[in-house]
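Below: the structure, in C-alpha cells.
The values are calculated or read from the model by the stated rules, or taken from the named source; none is laboratory data. Worth saying up front: this structure is predicted, and the values here are computed from it rather than measured. For neighbour counting, all protein chains shown are included, and Cβ atoms are generated from backbone atoms with ideal geometry for every residue, glycine included. All accessible areas refer to the heavy atoms of the entire protein, side chains included, with ligands and DNA or RNA removed. Shrake-Rupley method; radii C 1.70, N 1.55, O 1.52, S 1.80 Å.
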Amino acid sequence: MTLVLSALLVFAIELIFRGSLSSTANFFLQPFKPGWTTVMLFALALVGLDALLGRSYQALLVVAPLTLTLAFIGHQKSLYLGDPLYPTDFLFARQILDLMPLLVRERPWTAVAMVVGIVVSLTLLVVIWCQWRRRMPALGYKGRLARLAFVVPLLAFFVSIMDYGTFSWTRDRLQIIPMMWDQKENYASNGFALAFAMNVPMAHVSAPDGYSAKAIDAIPRSATTIGMPDQKPDIIIVMSESFWDPTRLPGVSIQPDPIPTVRALHSGHVVSPEFGGMTANVEFEALTGFSNAFLPAGSIPYQQYVRAPIPSLATFLRGEGYEARAIHPGTSWFWNRSLVYKDFGFDEFKSEENLPALKKRGPLASDASMTEEIIREADATEKPFFFFAVSLQNHGPYEPDRYANPTHNVQAPISQWARDSLRSYAEGASDADKSLQRLIEWAKQRERPTVIAFFGDHLPPLGPVYVETGFLKSNVAPRKEAADKMLLHHETPLVVWSNREGPVEDMGATSPAFLPYHILKSAGITHPYYTGFLGELSQRYRVVDRNMLMEQDGETVADWARQKEIDPGIRNFRLLQYDMMFGKHRSASDFFPEMGERLHTHTS
C-alpha cells in the first residue's frame, strides 16, 4: 500500500511541476527511469516516518502537502522566471514576501483565492490528522524498530548517491544522470524530487580541477600596476532596474521614444546572465569582476558565498582614498546587501532605512528622486567618490495604469491588457532615461572629472507581452539558445560616459564581469586585476556565460565547461575567482594588493 501511495504521490508531483500529462507519463514509461527510483525512495521515507510518528500511513499527511506545495512553487517559478526551484531559493523567501504587495495589487482576486485555499487546506489537514491519530491503532515498538532498521541503511545509501561531483556506479545503473550544467534538462530527466535533492550540495563549491599553489603561481602576472590620474575622477555607476529598449519588441511602436538619452549616448550592451530577475547576480559581477559562470547553476553569491571580504571596486577605490558608497532606495536586507556591501568594502550603504524620504512614482521610490539624492550626496562629498546606485522604480510587475497621466502611446497588435502593461513599463524606462540625462547635465557643469556608467540589470519580466508580440515562445527566455537569440534575450543598454571625453563608443556586447575594466579604463585608472588581467582577457572574450563563450570576433564556444580542454585564459579566470572567494588567497598579493588585512576578517 505504501508503494502504491508513493507512486501516486510522485506522479502527482511530476504532473504539477511539469504541467503536462504526456510529459509526466513519458517520465514513467521505462522501468529503469529515475521516476521509479523516486517512487522507491518515497516509499522508504514514508515507512521510516511512519515508524517515527507511530501510525501507519500518517507520514503521507506530512510528506504529500509539503512536496506537492514545492512542486507547485517550482512550476510557477519555471513559468515566470524560466528556472526550476532550487533548495537555495528559500534563502531569499523574505524577498518574495516583500514583493507580495505588488503581486497582490496586480491580481487581487488570485491573492484572495490563494489565501482562502491555504486556510481551507490547513484546516482540512489538521482535521484529517486528528481523525487519523484517533482511529488508527498505534504501531508497537518492535514494529517501529523493524521499520527503521530496514529503511535507515537504504535511505543512507540513497543519500550517498546524491553527491553529483563524484562518479557513482549505482547511480549510473539507475540512470540518474546529474546535469548540473543544464538545470532545465536535469529536472526533466531526473524528476523534480531527485533534481531538487541533487541541488542541495550547490551551497558548497568544489575547487576547480588543478587548483593548487603551483597553478596560481603559474598564472601570468600582468605588468599593470595600480595607477591613478593626477586628478582622481569621481565614478558613479547606476544599475537601472529592468532597464531595456522596449522598441525591440516586434511589431511594437512607442511614441515618443522612451529612451532617447541612452540611444544618443549608447556605448554597447551588457549581456546579463539573468532574465527577468536575480538582480543580485548581475550586481555581483559588475562590482567584483568575477563571473557567475564559475558557480553552481541557480546559486546566488550574495546569499550563499559572500561571508568574508571579497575583492571589489569599492575595496580598491577606497584604498586609493575614495569615499565608497552604495545607494538603493529599497530595504537594506534585500538580497543580503547590508552584509555584502560591508564585505565589498563600501564605507556606507544608504538604503530606505537611512535615506531621506524619497518621492514615489507609482508604488515605488522614483528614479528622479534617487538621482537627486546622488547629486546631493556628491555635492556634499569633498573626497573623490565612488557611488554605486541601484534603482527601484521600474521593478515589476507592470500592472496596467501603474502611473497616472501616462505620456507614452503604445501601438501593437496585442491585447489591451498587454498594451497597457507595456505602456506602464515604457513610462518607467522613460523616467530612468530622463534621470540619466539629469545626471549627465549635472556632471557637465562640474570641474572635477566624472565618469558615469549606466546599464540595465536584465530584461523586464513582461511575461505575456513577450508571447503576444512574438518576441518569445513563452514568458521567459530559455537558458540555452543560439548565440544570436541569447544576445537578443539578454542584452540591456549600456552607457559609459565622462565629462572629459563624452561617451565611450563601440564597446559591443560585454559581460557584467568586464564592466570594471571598461569603467576604470575610461577613468584613466589601472589595476593588476581589473584592467590588467580582465583587460587582457577581454582582448579574447567579450562574453563569459555559463553556457557560452563569445570571442571578440563574434565566434562562440557552446558548452565550454563540459569540454576536456578549456582555454587557459578562462581556466585562469576561474582559478583566480575560486582562490579569492573560497581558497587560500594565494593570488591576493599580486592581483589584489589592496585587500591586505581585510582577508583575515569574517562577517559570519
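Accessible surface calculations at 1.4 Å, restricted to protein heavy atoms, place the chain at 43 Å² per residue. Ignoring lysines fewer than eight residues from LYS33 along the same chain, the ones with Cα atoms less than 19 angstrom from its Cα are LYS184. Using the Cβ-Cβ distance between GLN552 and ILE375 with R0 set to 45 Å, the FRET efficiency from 1/(1 + (r/R0)^6) comes to roughly 0.80.
Mean residue ellipticity at 222 nm from the helices of the chain, using -39,500 (n - 2.57) per DSSP H segment of n ≥ 4 over the full residue count, to the nearest 500 deg cm²/dmol? Can you show the working numbers first?
Details: 24 runs with 277 residues, N = 604.
Rounded to the nearest 500, the figure is -14000 deg cm²/dmol.
Net charge near SER6, counting Lys/Arg +1 and Asp/Glu -1 over other residues with Cβ under 13 Å of its Cβ? Before the final figure, lay out the partial values.
Working: positive: none; negative: GLU14, ASP50.
Here the charged neighbours net out to -2.
For segment 484-557, build the convex hull from the C-alpha positions and give me its volume per residue in Å³.
Numbers: hull volume 6.6 nm³, N = 74.
In segment 484-557, the Cα hull volume divided by residue count equals 90 Å³.
Rg/Rh for the chain stands at 1.00; both radii use Cα atoms, and Rh follows the Kirkwood definition.
Just the protein heavy atoms count here, and of the accessible area of the chain at 1.4 Å, carbon and sulfur take up 60 percent. Between ASP420 and LYS444, the contour length at 0.36 nm per residue exceeds the Cα-Cα span by 5.0 nm. For GLU555, the shell of other residues with beta-carbons less than 15 Å away shows a net charge of -4, using +1 for Lys and Arg and -1 for Asp and Glu. Each residue, LEU154 and VAL116, gets one label point 7 Å from its Cα in the Cβ direction; the gap between the two is 4.3 nm. Contact order, relative form, for the chain: 20 percent (alpha carbon pairs under 8 Å, 6 or more residues apart, mean separation divided by residue count). Projected label points at ALA357 and THR225, each 7 Å from Cα along the beta carbon direction, are separated by 5.4 nanometres.
The H on the amide N of VAL451, modeled in the peptide plane, is under 5 Å from the matching H of ASP234, ILE235, ILE236, each at least 5 residues off or on a different chain.
Every pair of different Cα atoms in segment 172-308 enters the Kirkwood calculation, which places the hydrodynamic radius at 19.8 Å.
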